[in-house]
Amino acid sequence: NAGVTQTPKFQVLKTGQSMTLQCAQDMNHNSMYWYRQDPGMGLRLIYYSASEGTTDKGEVPNGYNVSRLNKREFSLRLESAAPSQTSVYFCASSERGLAGGINTDTQYFGPGTRLTVL
Amino acid sequence: SQKIEQNSEALNIQEGKTATLTCNYTNYSPAYLQWYRQDPGRGPVFLLLIRENEKEKRKERLKVTFDTTLKQSLFHITASQPADSATYLCALGSSGGYQKVTFGTGTKLQVIP
């Protein structure tokens, strides 16, 4: 199993350009997520999809859109890139578990996309 | 607002010693807490989960404690090795509704041979 894969690994954009980050998982997970990671800020949730056909905003959704294409794939689109979107982007999927009567959510991450917007 | 605090300064420790990392939180009542490891240029990898009604959890050389009164978790690596050098993230999870996990900023651990 490949787990969670992301493409591309690196990307440089000019301000105003658009692009789509691709993510796929082969673990049959229902939930998928997009995070950005910036120095000193930790992982911040951009959008998530609790199941196929649904998407919801996370902590920092402005400037992004997502598509849950099917159960395996979850893409993130930047319509008009800005320098503030320079970051490392991680896709994750999660396994719903039940531990001691508590529903838990363990996340599996992709390798990340390093995006620079000039 | 919810806040998760991990020591932003790197922790340097001699090989063979026990490394202890701290995760404090405020304005949050998590149902469980997780620890992840992140190596440079890679995504985080899940290590351990501890529930709110558990005091301690162990896995090989790893030990996690969870004190809901102090709102703190401690992550211990015994007999540390240079291969343990990485950034360690704590994450808090809720159990109701959409089960979002909120991550701390991480602590970088350097094990010196």
request  = Could you tell me whether any residue of region B:29-40 is surrounded by 14 or more Cβ atoms within 10 Å (Cβ to Cβ) and polar (S, T, N, Q)?
outcome  = yes
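In the set B:94, B:80, which member is under 23 Å from residue B:18 (Cβ atoms) and among the polar types (S, T, N, Q)? It would help to see each step written out before you state the result.
Details: B:94 fails: under 23 Å from residue B:18 (Cβ atoms).
Unique residue meeting the criteria: B:80.
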remark   = Out of (1) in contact with a helix residue (DSSP H, G or I) (Cβ under 6 Å, 6 or more places away or on another chain); (2) closer than 30 Å to residue A:6 by Cα, the one residue B:36 does not meet is (1)
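Any residue at all in region A:8-15 that is in contact (Cβ under 8 Å) with a residue 60 or more places away in the chain, crowded, with 18+ Cβ neighbours inside 10 Å and either charged (D, E, K, R) or outside any loop (DSSP other than H, G, I, E, B) (or both)?
Step one: of region A:8-15, the residues in contact (Cβ under 8 Å) with a residue 60 or more places away in the chain are A:8-15.
From what's left, crowded, with 18+ Cβ neighbours inside 10 Å: A:13.
From the residues that got through so far, the ones that are either charged (D, E, K, R) or outside any loop (DSSP other than H, G, I, E, B) (or both) too are A:13.
Within region A:8-15 (the criterion being in contact (Cβ under 8 Å) with a residue 60 or more places away in the chain, crowded, with 18+ Cβ neighbours inside 10 Å and either charged (D, E, K, R) or outside any loop (DSSP other than H, G, I, E, B) (or both)), the answer is yes, since at least one residue qualifies.
Can you name the strands (runs of 3 or more DSSP E) wholly within region B:21-113 that have at least 1 residues being within 22 Å of residue A:90 (Cβ to Cβ) and at pLDDT 95 or above?
Numbers: elements: B:32-38, B:45-51, B:56-59, B:62-67, B:72-77, B:86-93, B:101-103, B:107-112.
In region B:21-113, the matching strands (runs of 3 or more DSSP E) lie at B:32-38, B:45-51, B:72-77, B:86-93, B:107-112.
Matching residues to (1) away from chain A (no Cβ under 14 Å); (2) without any contact (Cβ under 8 Å) to a residue 12 or more places away in the chain; (3) in contact with a Lys or Arg (Cβ under 9 Å, 6 or more places away or on another chain):
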position: B:42; (1), (2), (3): no, yes, no
position: B:58; (1), (2), (3): yes, yes, no
position: B:64; (1), (2), (3): no, no, yes
position: B:69; (1), (2), (3): yes, yes, no
position: B:89; (1), (2), (3): no, no, yes
position: B:93; (1), (2), (3): no, no, yes
position: B:106; (1), (2), (3): no, no, no
position: B:111; (1), (2), (3): yes, no, yes
remark   = (1) of a type in the set (Lys, Arg); (2) surrounded by 13 or more Cβ atoms within 10 Å (Cβ to Cβ); (3) in contact (Cβ under 8 Å) with a residue 24 or more places away in the chain; (4) farther than 21 Å from residue B:42 by Cα all hold for residue A:57 apart from (3)
message = I need the full set of residues from region A:65-118 which are outside any loop (DSSP other than H, G, I, E, B), of a type outside the set (A, V, I, L, M, F, W, C), facing chain B (nearest Cβ under 10 Å) and over 13 Å from the mean Cα position of the chain (by Cα), in order please.
response = A:95, A:96, A:97, A:103, A:104, A:105, A:106
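Give region B:53-88 a look and list any residue that's closer than 27 Å to residue B:29 by Cβ and hydrophobic (A, V, I, L, M, F, W, C), or say none. Give the steps one after another, and end with the answer.
Residues of region B:53-88 closer than 27 Å to residue B:29 by Cβ: B:53-59, B:62-76, B:87-88.
Within region B:53-88, B:62, B:64, B:66, B:70, B:74, B:75 qualify.
From the list A:22, A:37, pick out the single residue that is touching a residue at least 12 places away in the same chain (Cβ under 8 Å), in contact with a strand residue (DSSP E or B) (Cβ under 9 Å, 6 or more places away or on another chain) and either surrounded by fewer than 20 Cβ atoms within 10 Å (Cβ to Cβ) or in a loop (DSSP other than H, G, I, E, B) (or both). Walk me through how you get there before you give the answer.
Values: A:37 fails: either surrounded by fewer than 20 Cβ atoms within 10 Å (Cβ to Cβ) or in a loop (DSSP other than H, G, I, E, B) (or both).
Step by step, each of A:22, A:37 is checked, and only A:22 is touching a residue at least 12 places away in the same chain (Cβ under 8 Å), in contact with a strand residue (DSSP E or B) (Cβ under 9 Å, 6 or more places away or on another chain) and either surrounded by fewer than 20 Cβ atoms within 10 Å (Cβ to Cβ) or in a loop (DSSP other than H, G, I, E, B) (or both).
The values are calculated or read from the model by the stated rules, or taken from the named source; none is laboratory data. This one's a predicted model, so the numbers in the text were calculated from it and none came from an experiment. Cβ sites come from the backbone with ideal geometry, for glycine too, and all protein chains shown count toward neighbours.
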